[in-house]
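Each remark here refers to the structure printed beneath this line.
The values are calculated or read from the model by the stated rules, or taken from the named source; none is laboratory data. What you see is a predicted model, and the numbers here were worked out from it, not measured in a lab. Note that each Cβ is placed from the backbone with ideal geometry, even for glycine, and that neighbours are counted across all protein chains shown.
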Amino acid sequence: MDKELNMAAVITELKDNGVEFVGCYYEGGGDSGAIEHYCFFNEEFNMRWDDNNGVDYSEEGNMDSTVDEKLRLNVETKLEDLFYRQLNNIEDWWNNDGGSGSMVLNLATMEFKISNYVRYTSTEEYFHDGTVELE
């Protein structure tokens with residue numbers, strides 16, 4: 001219950017600062033992965049919510065330059081569990097060849113969208129036989 005109250009406080013704090021959506025970019029490979037960057041959006045991003053499956057950091061409503069650094073550091077560590085809980089239950093983006101993607105969370109509805117990319121290396125095998133001619 002404490003975690004839920006704590007998360008509710010984080011979401012309220014973000015909304016009080018004009019943040020309506022939180023996004024993250026993640027990358028992984030070789031048996032590990034991590035969220036690399038968080039991004040904050042205001043209500044202008046709402047017009048992109050329905051037709052957007054990923055985070056474009058240049059999009060309308062990007063608040064990265066205006067979100068207070070202290071607020072950013074405080075909420076990012078608390079949001080990690082929430083984001084990883086979703087990211088760890090999708091296709092494997094952190095093992096072997098890895099992958100990357102983005103997740104956006106709508107703070108009003110708590111709906112999320114993930115755009116996940118998984119990298120694969122393929123190998124093709126060929127066999128050849130014949131005779132060598134001596135000169």
Original post:
Going by the conditions given, is E60 over 13 Å from the mean Cα position of the chain (by Cα), modelled with pLDDT of 85 or more, in a loop (DSSP other than H, G, I, E, B) and not aromatic (F, W, Y)?
Top reply: no
Restricted to region 84-126 and to residues being among the β-branched types (V, I, T) and outside any strand (DSSP E or B), the residue surrounded by the fewest Cβ atoms within 10 Å (Cβ to Cβ) is T123
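Residue by residue, here is whether (1) touching a strand residue (DSSP E or B) at 6+ places or on another chain (Cβ under 6 Å); (2) modelled with pLDDT of 85 or more; (3) β-branched (V, I, T); (4) under 25 Å from V10 (Cβ atoms) holds:
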| residue | (1), (2), (3), (4) |
| --- | --- |
| D56 | no, no, no, yes |
| D81 | no, yes, no, yes |
| R85 | no, yes, no, yes |
| E91 | yes, yes, no, no |
| S115 | yes, yes, no, yes |
| T123 | no, no, yes, no |
A careful count of residues in region 28-41 that are surrounded by fewer than 17 Cβ atoms within 10 Å (Cβ to Cβ) and at pLDDT 90 or above gives 1
The condition of being out of contact with any helix residue (DSSP H, G or I) (no Cβ under 7 Å at 6 or more places or on another chain) and within 12 Å of Y38 (Cβ to Cβ) holds, among N116, N88, N62, only for N62
